[in-house]
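*Asks:* Supplied in structure tokens, the structure appears directly below.
The values are calculated or read from the model by the stated rules, or taken from the named source; none is laboratory data. These numbers come from a predicted model, not from an experiment. All Cβ positions, even for glycine, are placed from backbone atoms using ideal geometry, and neighbour counts span all protein chains on display. Areas reflect the complete protein model, heavy atoms only, side chains present, ligands, DNA and RNA absent. Shrake-Rupley method; radii C 1.70, N 1.55, O 1.52, S 1.80 Å.
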Amino acid sequence: MKIKKIVSGMACMVTLAACNLDYHEYANYGKDYIDESYENVIGMITNVYSILDYDFGQTYKGGMLASACDEAEYAYTNNDICDFVNGSWSPANPMSNIWTSSYKAIQICNQYLAEFQGLTFDELKLNDDYRAQMFRYTNSFKEARFLRAYFYFNLVRAYGDVPYFTEMVTTDQVNSLTRTPAQEIFNAIIAECDKLSTELPADYTKLGLDGIAPAENGRVTCYAALALKARAALYAASPLFNPENNKDLWRRAAEANKEVIETCTANGFKLSKYSELWGPNNWSNNEMIFVRRYNGNISTLEEYNFPMGVPGGNSGNCPTQNMVDAYEMKATGKMWNETGSGYDASNPYVGRDPRFDMTIVKNGDTKWPSKNTNPIETFYGGLNAEPLSGATPTGYYLKKYLDSAIDLSANSTTKTSRHSWITYRLGEFYLNYAEAIFQYTGSADNAGEFGMTACEAVNIIRNRTDVKMPEFPTGLSADAFWNKYQNERMVELAFEGHRFYDLRRWKDGDKLKSIIEMKLTKNEDGTITYKRNVVNREKLTKNEDGTITYKRYVGIRGWNDKMYLFPIPQSERMKNPNLSQNAGW
């Protein structure tokens, strides 16, 4: 584990977008140098905010985790994200910087908590904003504890058992650590966040300290602590980490997620319009509990994902037909292939859940992006379709999270905008609660001691002002509710980084063995023919002796149960012989 003492020496100062948090890069100049500067001390923790994860394609050259599951297919089969599904994922190609970035952040937090408490910055006492400065300083230790817990959650979510330490360690010490059981780490995260929920501020703009409001409104709050606690409790109860199906873990998850709902709604949080969950100002949306704010204005998402055939568009993460099929019919609340749903195979996109049009670009859409004067054409030979190199292989383009106002044409003056990644929002916790209470009670209509049933929680989500989908009926069988719940979660949280991990924690990896594309053909009379194309990774041949031969094809899909957890990077195991590898890798 390559973890260094990262201290001092301001190498650069960058504004953490829209939240006025300055973070710094540090070189090894020594603790004494840090002590001399208030800005350098505070900078250690604000720098950790810059390590928070987000999924705008920055890690995989445009690929999002959606393209490593069944939400999307990347338009270019040689993209890094395709290694998750084409057989190239391995300890030598671990496909993630989660290990190194998380432990880097954890070590910074550990050092900060161990070595930088008790300072008074006497030289600042005559400043008018001294009280505000000292609040930032004392509060930063609570932030450090939250951030440490956050990065441990990311580690255990990906790898399961990992080395766990909350003290400063030397390189030799860290390279001899063994893996701590995942449940112990979840318990530690939950306990830490429970404390922080009573210690962190609720609103930095209402502290009454000159020099604080509104500059600190991008920092973690007591609500973020509750959210991390609740998400950790849900994962701890899930089949991947709870193979014995311990009902007490589901009860704890229901309790924690209900606490998020009740505390947040009592303090002004509420579900917004679905269409307002993204866009330049989504960070201030009343549904957001915490967002990761990207540094400055960008157009990275749009450059990667605008349709091929529009200025600056490069296709990218193309929603699958699996994703499209998840959107029920609005009038009936039924899936497209259910009897009586109202689905019209010759007009397949009419009458769908409104979230479909807010998330996915389809054939015939106009004004996408806003300056595009031509309707989108995804039928073969169309303006935005195959056989153009890089055109969507699935028949669809991504809309969610993209800013339609960005114009990537040569003479445009609107080439960038603010983008903020949703880390925690209220809608997630209604779904988390629904799952937990269902698994705890065994029924969609039994609230147990919690007062709200699983069906009621999901129906609150479906009743958004710009969604208004039919409610889940009472009396659903356990299997029927679970299928509808999984589908609802896929729709509501589409492209927010959940599906990749949801299918793993549920141990539903078989759903990743194939995806479906939609191939469109325009007929002479102007009508469109729609043909489903199933994409698998492997072709199987049964030999005379009964064995199976697997032939793999680059760029298409496959699944192996070892993929429920990430491989421990081989480079880390070479440095630390006490690190055992995850099964199958």
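*Asks:* Looking at the stretch 329-342, can you tell me whether even one residue there is surrounded by 21 or more Cβ atoms within 10 Å (Cβ to Cβ) and closer than 24 Å to G427 by Cα? Walk me through it before giving the result.
*Replies:* At the first step, the residues of the stretch 329-342 found to be surrounded by 21 or more Cβ atoms within 10 Å (Cβ to Cβ) are 329.
Narrowing further to those that are closer than 24 Å to G427 by Cα: 329.
Scanning the stretch 329-342, I find at least one residue that is surrounded by 21 or more Cβ atoms within 10 Å (Cβ to Cβ) and closer than 24 Å to G427 by Cα, so the answer is yes.
*Asks:* How many residues does the stretch 147-175 hold that are at pLDDT below 95, outside any helix (DSSP H, G or I) and polar (S, T, N, Q)?
*Replies:* 2
*Asks:* Within the stretch 292-374, which helices (runs of 4 or more DSSP H) (wholly inside it) include 1 or more residues that are touching a residue at least 40 places away in the same chain (Cβ under 8 Å) and farther than 20 Å from P280 by Cβ? Walk me through how you get there before you give the answer.
*Replies:* On the way: elements: 300-305, 321-325, 354-359.
Here the list reads 321-325, 354-359.
*Asks:* Hey, another quick one. I'd like to know if the stretch 416-435 contains one or more residues that are among the small types (G, A, S), free of Cβ contacts under 8 Å to residues at least 60 places away in the same chain, assigned to a helix (DSSP H, G or I) and out of contact with any Gly (no Cβ under 8 Å at 6 or more places or on another chain). Walk me through how you get there before you give the answer.
*Replies:* Initial filter on the stretch 416-435 (among the small types (G, A, S)): 417, 420, 427, 434.
This time we only want the ones that are free of Cβ contacts under 8 Å to residues at least 60 places away in the same chain, so: 434.
Narrowing further to those that are assigned to a helix (DSSP H, G or I): 434.
Subsequent filtering for residues that are out of contact with any Gly (no Cβ under 8 Å at 6 or more places or on another chain) retains 434.
Yes, the conditions are met somewhere in the stretch 416-435.
Residue by residue, here is whether (1) in contact with an Asp or Glu (Cβ under 7 Å, 6 or more places away or on another chain); (2) modelled with pLDDT under 95 holds:
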position: F241; (1), (2): no, no
position: Y274; (1), (2): yes, no
position: R293; (1), (2): no, yes
position: G296; (1), (2): no, yes
position: N322; (1), (2): yes, no
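*Asks:* Return the residue satisfying two criteria in turn: it lies in the stretch 91-108 and is closer than 25 Å to Y49 by Cα and in a loop (DSSP other than H, G, I, E, B), and of such residues it is modelled with the highest pLDDT. Even if it seems obvious, please write down each step before you answer.
*Replies:* Quick first cut of the stretch 91-108, residues closer than 25 Å to Y49 by Cα only: 94-108.
From what's left, in a loop (DSSP other than H, G, I, E, B): 94-97.
Working: P94: 95, M95: 92, S96: 87, N97: 91.
This residue is P94.
*Asks:* Step by step: first the residues of the stretch 121-137, then only those that are assigned to a helix (DSSP H, G or I) and touching a residue at least 40 places away in the same chain (Cβ under 8 Å), then the one that is surrounded by the most Cβ atoms within 10 Å (Cβ to Cβ). Which residue is that? Can you show your working first?
*Replies:* Taking the stretch 121-137 first, the residues assigned to a helix (DSSP H, G or I) are 122-124, 130-137.
Subsequent filtering for residues that are touching a residue at least 40 places away in the same chain (Cβ under 8 Å) retains 124, 131-133, 135-137.
On the way: L124: 13, R131: 15, A132: 19, Q133: 20, F135: 18, R136: 23, Y137: 19.
Selected residue: R136.
*Asks:* Of all residues being hydrophobic (A, V, I, L, M, F, W, C) and crowded, with 22+ Cβ neighbours inside 10 Å in the stretch 491-502, which is nearest to the chain's Cα centre (by Cα)? Just the residue, please.
*Replies:* In the first step, residues of the stretch 491-502 are kept if they are hydrophobic (A, V, I, L, M, F, W, C); the result is 491, 493-495, 500.
With the extra rule that they be crowded, with 22+ Cβ neighbours inside 10 Å, the set shrinks to 494-495.
On the way: A494: 9, F495: 8 Å.
Across the stretch 491-502, the extreme among qualifying residues is F495.
*Asks:* If only one of Y433, Y424 is in contact with a helix residue (DSSP H, G or I) (Cβ under 7 Å, 6 or more places away or on another chain), aromatic (F, W, Y) and over 30 Å from I406 (Cα atoms), which one is it? Before the answer, list the steps.
*Replies:* On the way: Y424 fails: over 30 Å from I406 (Cα atoms).
Result: Y433 is the single residue among Y433, Y424 that is in contact with a helix residue (DSSP H, G or I) (Cβ under 7 Å, 6 or more places away or on another chain), aromatic (F, W, Y) and over 30 Å from I406 (Cα atoms).
*Asks:* Kindly provide the set of residues from the stretch 55-90 that are of a type outside the set (A, V, I, L, M, F, W, C), part of a loop (DSSP other than H, G, I, E, B), under 20 Å from M490 (Cβ atoms) and touching a Lys or Arg at 6+ places or on another chain (Cβ under 9 Å), ordered by number.
*Replies:* Correct list: D70, E71.
*Asks:* Can you pull out every residue in the stretch 251-276 that is within 13 Å of Y424 (Cα to Cα), open to solvent by 30 Å² or more (accessible area, probe 1.4 Å) and under 20 Å from the mean Cα position of the chain (by Cα)?
*Replies:* If the condition is that a residue be within 13 Å of Y424 (Cα to Cα), open to solvent by 30 Å² or more (accessible area, probe 1.4 Å) and under 20 Å from the mean Cα position of the chain (by Cα), then L271 is the only one that fits.
*Asks:* Another question, if that's okay. Take A144 and tell me if it is among the hydrophobic types (A, V, I, L, M, F, W, C) and in a helix (DSSP H, G or I).
*Replies:* Working: among the hydrophobic types (A, V, I, L, M, F, W, C): yes; in a helix (DSSP H, G or I): yes.
Yes; evaluated as a whole, the condition is true for this residue.
*Asks:* While we're on this one: Given the criteria closer than 18 Å to G62 by Cβ, at pLDDT 95 or above, open to solvent by 40 Å² or more (accessible area, probe 1.4 Å) and not basic (K, R), does G313 qualify? Walk me through how you get there before you give the answer.
*Replies:* Values: closer than 18 Å to G62 by Cβ: yes; at pLDDT 95 or above: yes; open to solvent by 40 Å² or more (accessible area, probe 1.4 Å): no; not basic (K, R): yes.
Here the answer is no, as G313 does not meet what is asked.
*Asks:* In addition: Here's a check for you: in the stretch 115-143, which residue that is modelled with pLDDT under 95 and of a type in the set (G, A, S) is nearest to F153 (Cα to Cα)?
*Replies:* G118
*Asks:* Here is a follow-up. Restricting the first residue to the stretch 144-168 and requiring it to be over 21 Å from R573 (Cα atoms), which pairs with a second residue that is among the hydrophobic types (A, V, I, L, M, F, W, C) and not in a helix (DSSP H, G or I) meet a Cβ separation below 9 Å and a spacing of at least six or different chains?
*Replies:* From the stretch 144-168, the pairs are F146/L200; F146/V220; L147/I51; L147/L52; L147/V220; Y150/L52; Y150/V220.
*Asks:* Among the residues of the stretch 34-77, how many are on the phi > 0 side of the Ramachandran plot and surrounded by fewer than 19 Cβ atoms within 10 Å (Cβ to Cβ)?
*Replies:* Start the filter on the stretch 34-77 by keeping residues that are on the phi > 0 side of the Ramachandran plot, which leaves 57, 61-62.
When the remaining residues are screened for being surrounded by fewer than 19 Cβ atoms within 10 Å (Cβ to Cβ), the result is 61.
The qualifying residues number 1.
*Asks:* Out of the residues in the stretch 277-307 that are open to solvent by 30 Å² or more (accessible area, probe 1.4 Å) and in contact with a Gly (Cβ under 7 Å, 6 or more places away or on another chain), state the one that is nearest to H419 (Cα to Cα).
*Replies:* Checking each candidate, the answer is T300.
*Asks:* Among the numbered criteria (1) open to solvent by 60 Å² or more (accessible area, probe 1.4 Å); (2) of a type in the set (V, I, T); (3) closer than 24 Å to F500 by Cβ, which single criterion is violated by V324?
*Replies:* (1)
*Asks:* Moving to a separate point now. Restricting to the stretch 395-454, count the residues that are of a type in the set (D, E, K, R), open to solvent by less than 10 Å² (accessible area, probe 1.4 Å) and under 18 Å from T300 (Cβ atoms). Let's see the steps before the verdict.
*Replies:* The first filter runs over the stretch 395-454 and keeps only residues of a type in the set (D, E, K, R), leaving 399-400, 403, 407, 415, 418, 425, 428, 435, 445, 449.
Add one more test, that the residue is open to solvent by less than 10 Å² (accessible area, probe 1.4 Å), and what stays is 400, 425, 428, 435.
Narrowing further to those that are under 18 Å from T300 (Cβ atoms): 400.
Selection size over the stretch 395-454: 1.
*Asks:* Here are some residues: A92, A114. Which one is touching an Asp or Glu at 6+ places or on another chain (Cβ under 9 Å), over 22 Å from D502 (Cβ atoms) and aliphatic (A, V, I, L, M)? Write out each step before concluding.
*Replies:* Values: A92 fails: touching an Asp or Glu at 6+ places or on another chain (Cβ under 9 Å).
When all the criteria are applied, what remains is A114.
*Asks:* Kindly establish whether D194 is more than 24 Å from the chain's Cα centre (by Cα) and open to solvent by 50 Å² or more (accessible area, probe 1.4 Å).
*Replies:* Details: more than 24 Å from the chain's Cα centre (by Cα): no; open to solvent by 50 Å² or more (accessible area, probe 1.4 Å): yes.
No, not satisfied.
*Asks:* Right, next: Are there any pairs with C-beta distances below 7 angstrom linking a residue in the stretch 378-392 that is more than 12 Å from P307 (Cα to Cα) to a residue that is aliphatic (A, V, I, L, M) and at pLDDT 95 or above, with the two at least 6 apart or on different chains, and if so which?
*Replies:* F379/A385; F379/L520; F379/I528; Y380/L520
*Asks:* Being modelled with pLDDT of 95 or more, open to solvent by 10 Å² or more (accessible area, probe 1.4 Å) and in contact with a strand residue (DSSP E or B) (Cβ under 9 Å, 6 or more places away or on another chain): is that true of G475 here?
*Replies:* Numbers: modelled with pLDDT of 95 or more: yes; open to solvent by 10 Å² or more (accessible area, probe 1.4 Å): yes; in contact with a strand residue (DSSP E or B) (Cβ under 9 Å, 6 or more places away or on another chain): no.
Taking the combined requirement at face value, the residue does not satisfy it.
*Asks:* Please enumerate the residues belonging to the stretch 379-394 that are among the small types (G, A, S) and open to solvent by less than 60 Å² (accessible area, probe 1.4 Å).
*Replies:* Of the residues in the stretch 379-394, the ones among the small types (G, A, S) are 381-382, 385, 389-391.
Within the stretch 379-394, G381, G382, A385, G390, A391 qualify.
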